[in-house]
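Below you'll find the structure, written out as structure tokens, and then a few comments.
The values are calculated or read from the model by the stated rules, or taken from the named source; none is laboratory data. Everything numeric here is computed off the predicted structure, so don't read it as measured data. So basically every Cβ, Gly included, is an ideal-geometry build from the backbone, and we count neighbours across all protein chains shown.
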Amino acid sequence: ITDMHRPFLWAHRGASCLAPENTMAAFATAVECGADGLELDIHLSRDGVPIVIHDETLDRTTDGHGRVCTRTWPQLQMLDAGSWFSEAFAGEPIPALEEVLKTFGGRVRLNLEIKAFDAGVAVIELLQRYPDAESIVSSFDWRLLEHLRTTDASLPIAVLFAAGNWRHAVSLAVGLRSVAFHPEAGQVGRSMITACRQAQLPVHAWTVDDPVRAKSLLRAGVNGLFTKDPSALRGVVLPAAS
Ligand code: G3P
Ligand code: CA
């Protein structure tokens with residue numbers, strides 16, 4: 001598995017420009033494109049199974065309706081999470097996190113973004129059964145990250161930052177012994193990069209699909225990027241590790 005400190009290419013929700021986001025098809029495509037890691041979003045089913053979907057509700061990316069957490073895993077498994085993207089992906093299911101860990105753990109790094117507080121501990125418990133999967137857990141919910149750090153002293157954590165006081169977010173990341181800082185790309189500036197460098201925190205910015213923008217962020221000192229289109233950035237911007 002690749003070194004997180006060289007320019008690192010994350011496929012955001014998989015290769016979500018090329019296949020329906022957060023599906024096994026999107027993850028397989030990302031790996032084929034040479035992504036170093038897969039970013040995926042985690043919710044919890046009603047019966048406590050960590051599943052891979054971005055939204056709190058099913059409506060945008062599946063043929064189901066309503067809140068994810070009100071459905072059991074057997075119900076969620078029946079849904080079509082591919083047709084909304086293209087008929088070519090009709091029938092593509094919502095994956096369980098466990099399926100992703102089994103298939104891609106040990107092949108590429110995984111960034112598990114926890115979207116629901118209750119999913120946090122369930123994810124940690126599942127990860128203990130897959131010690132070969134190199135995973136990072138991230139969240140916008142810093143309270144959840146604090147809770148997870150208390151629960152597991154060695155869990156690799158990354159702090160997500162969208163907007164507001166980045167200095168506060170960086171000091172929180174340091175306090176949590178984070179392995180990386182993940183800001184929205186528009187928030188990145190020289191002083192943030194300098195502060196993270198001093199704190200020995202790699203900066204991985206989201207979400208960047210334009211090669212020109214990607215190059216300029218890397219020149220500015222960003223260590224990694226999240227992209228929906230790893231095929232556009234791989235090679236042109238971030239050569240794969242030899
Ligand atoms: O990991 C960064 C990014 O995924 C956070 O935003 O809404 O795409 O999950 P979102
Ligand atoms: Ca995400």
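Being under 16 Å from the mean Cα position of the chain (by Cα) and either without any contact (Cβ under 8 Å) to a residue 12 or more places away in the chain or closer than 27 Å to Gly64 by Cα (or both) narrows it down to one residue among Ala133, Ala119; which is it? Full working, then the answer.
Details: Ala133 fails: either without any contact (Cβ under 8 Å) to a residue 12 or more places away in the chain or closer than 27 Å to Gly64 by Cα (or both).
Result of the check over Ala133, Ala119: Ala119.
Looking only at region 112-126, count how many residues are within 15 Å of ligand 2 (Cβ to nearest atom) and touching a Leu at 6+ places or on another chain (Cβ under 8 Å). Show your work before the answer.
Keep residues of region 112-126 that are within 15 Å of ligand 2 (Cβ to nearest atom), which gives 112-116, 119-120, 123.
Narrowing the set further to residues that are touching a Leu at 6+ places or on another chain (Cβ under 8 Å) leaves 112-114, 116, 119-120, 123.
The total comes to 7.
Quick one: Glu32 ticks every box in (1) within 16 Å of ligand 1 (Cβ to nearest atom); (2) modelled with pLDDT of 95 or more except a single one, so which number is it?
For Glu32, the failing item is (1).
Need the failing condition index for Arg109 against (1) farther than 25 Å from Glu56 by Cβ; (2) more than 16 Å from ligand 2 (Cβ to nearest atom); (3) in contact with a strand residue (DSSP E or B) (Cβ under 6 Å, 6 or more places away or on another chain), just the number.
(2)
So which pairs qualify, if the first residue must be in region 98-111 and within 8 Å of Tyr130 (Cβ to Cβ), the second must be part of a loop (DSSP other than H, G, I, E, B) and modelled with pLDDT under 95, the Cβ gap must be under 7 Å, and the two must be at least 6 apart or on different chains?
Gly105/Asp132
Take the residues in region 42-57 that are free of Cβ contacts under 8 Å to residues at least 40 places away in the same chain and away from ligand 1 (no atom under 16 Å from the Cβ), then tell me which one is farthest from Ala116 (Cα to Cα).
Going residue by residue through region 42-57, those that are free of Cβ contacts under 8 Å to residues at least 40 places away in the same chain are 45-47, 55, 57.
Then keep just the ones that are away from ligand 1 (no atom under 16 Å from the Cβ); that gives 45-47.
Details: Ser45: 10, Arg46: 12, Asp47: 14 Å.
Ranking the candidates gives Asp47 first.
What tally of residues in region 110-128 results from selecting those that are more than 22 Å from Asp55 (Cβ to Cβ), surrounded by fewer than 20 Cβ atoms within 10 Å (Cβ to Cβ) and of a type outside the set (Asp, Glu)?
As a first pass, look at region 110-128 and keep what is more than 22 Å from Asp55 (Cβ to Cβ): 124-125, 127-128.
Those left that are additionally surrounded by fewer than 20 Cβ atoms within 10 Å (Cβ to Cβ): 124-125, 128.
Within this subset, residues satisfying the condition of being of a type outside the set (Asp, Glu) are 124, 128.
Counting residues in region 110-128 that are more than 22 Å from Asp55 (Cβ to Cβ), surrounded by fewer than 20 Cβ atoms within 10 Å (Cβ to Cβ) and of a type outside the set (Asp, Glu) gives 2.
Scan (1) within 21 Å of Ala158 (Cβ to Cβ); (2) away from ligand 2 (no atom under 14 Å from the Cβ) for the single condition Ala90 breaks and write down its number.
If we test Ala90 against (1) within 21 Å of Ala158 (Cβ to Cβ); (2) away from ligand 2 (no atom under 14 Å from the Cβ), just (1) comes out false.
Which condition number in (1) within 16 Å of ligand 1 (Cβ to nearest atom); (2) over 25 Å from Val208 (Cβ atoms); (3) not charged (D, E, K, R) is the one that Pro131 fails?
(1)
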